[in-house]
């Protein structure tokens, strides 16, 4: 019982202005329900009289209670009712009865019994338990002997133990009692007093001029809207792509499944390199373990370069070349595949040229918080007679600066396809430490000459991109990148760089 | 990548200078090796696979001491003739080459033995690729009798006591029972003959690349002088291996003695066709020469160094220089200098990566987003305007998710060797989106999501895999139906100014009678082209994904839609 209501009641009813304010705020449901309360006071009967669902009536009653116009009194009774199986057994008979009815002196086997009684196996098992307990049957060496005893009435306690025969329920009884203010308002004719919605009709016929609009509780919380949103990884990717485009780079795209020729051989990775072994790389199975050989001219050039250096002035790897190995299909281990393919497709008139890509690569790993079998990498190449190592560092510094890491440092590194090779570290302004972001270099002549037909400097890089994404969104578990939890995605901050 | 652990005190002695810790750390990483950790007086360093010569404490110190200018230039390693020979003949074609020499005067203690065996193992696993490209063996000199022969024998003719085993065993027993036999026996699979070293008394010394004899091939604290050999399928590799090993032994205080290596039937060996190579001396530490091209180096690096400056930098990396012929002298232990570009990198390392000034060059090109990617970005924006959330999923899924859960049996592409449970490439995006709905059961509805992503199926391409980008959408809430998903498709197609119609169809993933094919109508084809499907997901599919809310969806070939907008 609300104390304010009591106070008001003792001071003798509502003022005219108070009444007006309350009426203005009444919701259509409240308007329907309130007058009825003079006659009916129990929830289900109110609902019937109002032709509303009980839920709707309940909502209206709660609002009215909040306004101090009535009190809701809920009482509960405990009753025992038939549950799912109980109702079924009421119609069909208890399973043990059915069970017994088909049993004779001969053992039939559980499958036959199950089939004949149309009981579930679970029920049959339960029957055996129940009947054994009641000494209605005995099982001996897997055989049934049945001695009929009088079936007894089962006590509630015993039925309770069985599956969904009876259930205990609480029966709610909801009564309302109008407060004096409520009684006052219930007398007033509430219909036609206020307008709920402004309609096209009202605007056209001018009736809006006489309308009194129901006042809303404008301070109330409203249901949440669920806006559409770009996946946060794609937001980051789009930003990074735009940086490359702004710097004059053209986008490369291509396949994720590649022959080892393009993934490794064209990049002068020796055929016996450990990275090409099973534990690191995903190999394709089924009907596509092997792909086709590339164009024979380019195949020959790459092969000769591996074997003894070809026309590059190099000694090559001096390995025996295998076409079998070069044809093996893999899921690309780096987007540098696209750089190799792009180089192979360029002619003199395309130069100078700058290309980039940002995409998924694969490594054979099981997933945990730190490891993922898919990762993003951004590759770039600059092909021009006059570019050099300092320019390589310049591009990288520029890119990472725009990604939010103005301080970068470079260390020597090793990759089979670049020389000189560089490892890029950026200074993390919050963590106050150097973070390793990935590799770069100038493509070896053994890569460029066979693919492009001449040896000119090709600056190349392929740093990973996921670290930057994880860092920006403050994600510590890499699995969250592709978990697609809608709540988290909705609440995730946008990429604001 | 291989690591080596250096004892700080020993290392400083070998280097000849003590550096403050911070400077030491910095110099190690600027030399092109990765500092793993420093614990107490142990320094663990990762050595890149192109520098097997730095896999020993001595080799690492040699490079480091030059790099910090304590002792620069080409190291000279002297050899004296031992006065005997190794004869190599009649070998299996898979393992035809051998080189060997003698090292005397090393005082072996427990530590030294450990070090030498570690270097041997590390070279074996990295440089010679788990012994597939070569084996290395060490023997106490006093147990064997010269001259020595390396030859092939039938497996049944080979019997000796392998290391740490009590009894002599036959070759095939060794392969089956000895731990090293089990580990490396695969290399010899299918060989008709196995290679063995035999001394002048006919004693079998070892069976490379598997195991030495316990009787004559085990070094211990009493060992002072060594017979050292390397064998394998490639002559160049094993020469480098023996050079790396013996120069490290020389830096431990050993004296190197050379042997004559005889190949009586040299004409059968691809690397020895030249008659002069019927007989050669091992080891031969004569440096290889490479012409110094000052302009090439400066151009690649963007520097303008003089010849002298370049030579000084190269000396910091252990090279020598012969001024008269403008030749860089490459140390015999370096296995990675195969092109002058490798000199370029060493000049850059010696110059110091930290000393390069970065610069953006003037390479004028026009930047451009791939037009299809751009189109997909626009489609995303349209769909987001329709209040759809974008999902982004893995390309790998389980066969169960792709087929059984979707109530269909399609030919999906498996991976051969996936470590995790996701071992198939997805052929449709709808399965990915259903998975997302399943994972979001605890979240509020409606759940309306889409993905633009890669799908994979068999096709006539270079790899035999046809990759295609699709668009899929699912709407999931209590009151969703065919009308609602078609409204989304309408809105999308209207935004793209494309016309389409739906043609009745049947698919096991959808409710019969509530599924249609999306047919694009454009100038290219009056009858239209089927580009996808749209409908209400079958209750069985919904239940399979453990969901209890209706789902409607569509999936279409977004590449076709893109092409149609270009007509």
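Before moving on, here are some points about what is shown:
- Of all residues in the range B:473-488, those that are more than 11 Å from every other protein chain (Cβ to nearest Cβ), within 25 Å of residue A:483 (Cβ to Cβ) and surrounded by fewer than 17 Cβ atoms within 10 Å (Cβ to Cβ) total 1.
- Those helices (runs of 4 or more DSSP H) of the range B:1-106 in which 2 or more residues are within 14 Å of chain A (Cβ to nearest Cβ) and touching a strand residue (DSSP E or B) at 6+ places or on another chain (Cβ under 7 Å) occupy B:21-30.
- Every residue from the range A:414-427 that is outside any strand (DSSP E or B) and modelled with pLDDT of 95 or more: A:417
- Subset of the range A:291-314 [touching a strand residue (DSSP E or B) at 6+ places or on another chain (Cβ under 9 Å) and more than 8 Å from chain B (Cβ to nearest Cβ)]: A:293
- Residues located in the range A:295-330, provided they are touching a helix residue (DSSP H, G or I) at 6+ places or on another chain (Cβ under 6 Å), surrounded by 21 or more Cβ atoms within 10 Å (Cβ to Cβ) and part of a helix (DSSP H, G or I): A:302, A:305, A:326
- Residue match in the range A:239-257 (condition: more than 28 Å from residue A:352 (Cα to Cα), crowded, with 21+ Cβ neighbours inside 10 Å and assigned by TED's automatic domain parsing to the domain that holds residue A:402): yes
- Filtering B:244, B:281 for residues that are away from chain A (no Cβ under 14 Å), crowded, with 21+ Cβ neighbours inside 10 Å and either at negative phi or in a helix (DSSP H, G or I) (or both) leaves a single hit, B:244.
- Checking residue A:442 against (1) facing chain B (nearest Cβ under 9 Å); (2) assigned to a helix (DSSP H, G or I); (3) more than 22 Å from residue B:27 (Cα to Cα), the condition it does not meet: (2)
- Taken as a whole, the condition of being surrounded by fewer than 16 Cβ atoms within 10 Å (Cβ to Cβ), at the interface with chain B (Cβ under 10 Å from one of its Cβ atoms) and either out of contact with any strand residue (DSSP E or B) (no Cβ under 8 Å at 6 or more places or on another chain) or more than 29 Å from residue A:350 (Cβ to Cβ) (or both) applies to residue A:487.
- So residue B:529, is it touching a residue at least 40 places away in the same chain (Cβ under 8 Å), in contact with a strand residue (DSSP E or B) (Cβ under 9 Å, 6 or more places away or on another chain) and surrounded by fewer than 20 Cβ atoms within 10 Å (Cβ to Cβ): no
- Criterion violated by residue A:279 - all others in (1) under 34 Å from the mean Cα position of the chain (by Cα); (2) surrounded by fewer than 16 Cβ atoms within 10 Å (Cβ to Cβ); (3) modelled with pLDDT of 95 or more satisfied: (3)
- When residues of the range B:374-383 are limited to those that are crowded, with 20+ Cβ neighbours inside 10 Å and at the interface with chain A (Cβ under 8 Å from one of its Cβ atoms), the one farthest from residue A:235 (Cα to Cα): B:383
- Some residue of the range B:190-208 being out of contact with any helix residue (DSSP H, G or I) (no Cβ under 7 Å at 6 or more places or on another chain), exposed (fewer than 15 other Cβ atoms within 10 Å of the Cβ) and at positive phi: yes
- Search result, residues across the range A:381-412 that are part of a loop (DSSP other than H, G, I, E, B) and surrounded by fewer than 23 Cβ atoms within 10 Å (Cβ to Cβ): A:384, A:385, A:386, A:388, A:403, A:404, A:405, A:406, A:407
- Filter result for residue B:253 (at positive phi and under 24 Å from the mean Cα position of the chain (by Cα)): no
- Number of positions in the range B:429-443 that are assigned to a loop (DSSP other than H, G, I, E, B) and more than 7 Å from every other protein chain (Cβ to nearest Cβ): 3
- Search result, residues across the range A:397-422 that are more than 8 Å from chain B (Cβ to nearest Cβ) and over 24 Å from residue A:264 (Cα atoms): A:399, A:400, A:401, A:402, A:403, A:404, A:405, A:406, A:407, A:408
- Comparison of A:327, A:271, A:318 shows that the only residue that is touching a residue at least 40 places away in the same chain (Cβ under 8 Å), assigned by TED's automatic domain parsing to the domain that holds residue A:418 and out of contact with any strand residue (DSSP E or B) (no Cβ under 7 Å at 6 or more places or on another chain) is A:271.
- Candidates B:454, B:426 - the one that is surrounded by fewer than 20 Cβ atoms within 10 Å (Cβ to Cβ), in contact with a strand residue (DSSP E or B) (Cβ under 8 Å, 6 or more places away or on another chain) and assigned by TED's automatic domain parsing to the domain that holds residue B:561: B:454
- Residues located in the range A:456-484, provided they are crowded, with 19+ Cβ neighbours inside 10 Å and closer than 30 Å to residue A:390 by Cβ: A:457, A:458, A:459, A:460, A:461, A:462, A:463, A:465, A:468, A:469
- Subset of the range B:372-391 (residues that are outside any strand (DSSP E or B) and in contact (Cβ under 8 Å) with a residue 60 or more places away in the chain): B:372, B:375, B:376, B:379, B:380, B:382, B:383, B:386, B:387, B:388, B:391
- Counted as qualifying within the range B:287-369 are the helices (runs of 4 or more DSSP H) with 1 or more residues that are crowded, with 21+ Cβ neighbours inside 10 Å and more than 11 Å from chain A (Cβ to nearest Cβ), namely B:307-316.
Let's see how each residue does on (1) without any contact (Cβ under 8 Å) to a residue 12 or more places away in the chain; (2) loosely packed, with under 15 Cβ neighbours inside 10 Å; (3) more than 34 Å from the chain's Cα centre (by Cα):
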| residue | (1), (2), (3) |
| --- | --- |
| B:406 | no, no, yes |
| B:411 | no, yes, no |
| B:447 | no, no, yes |
| B:460 | yes, yes, no |
| B:471 | no, no, yes |
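- Residue list for the range A:430-440, filter: surrounded by fewer than 24 Cβ atoms within 10 Å (Cβ to Cβ) and in contact with a strand residue (DSSP E or B) (Cβ under 9 Å, 6 or more places away or on another chain): A:433, A:434, A:435, A:436, A:437, A:438, A:439
- Test: residue B:496 is touching a strand residue (DSSP E or B) at 6+ places or on another chain (Cβ under 8 Å), modelled with pLDDT of 95 or more and assigned by TED's automatic domain parsing to the domain that holds residue B:451: no
- No other residue among A:333, A:378, A:357 is assigned to a strand (DSSP E or B) and away from chain B (no Cβ under 11 Å) apart from A:378.
The values are calculated or read from the model by the stated rules, or taken from the named source; none is laboratory data. These numbers come from a predicted model, not from an experiment. Methodologically, a virtual Cβ is constructed for each residue, glycine included, from the backbone with ideal geometry; neighbour enumeration extends over all protein chains shown.
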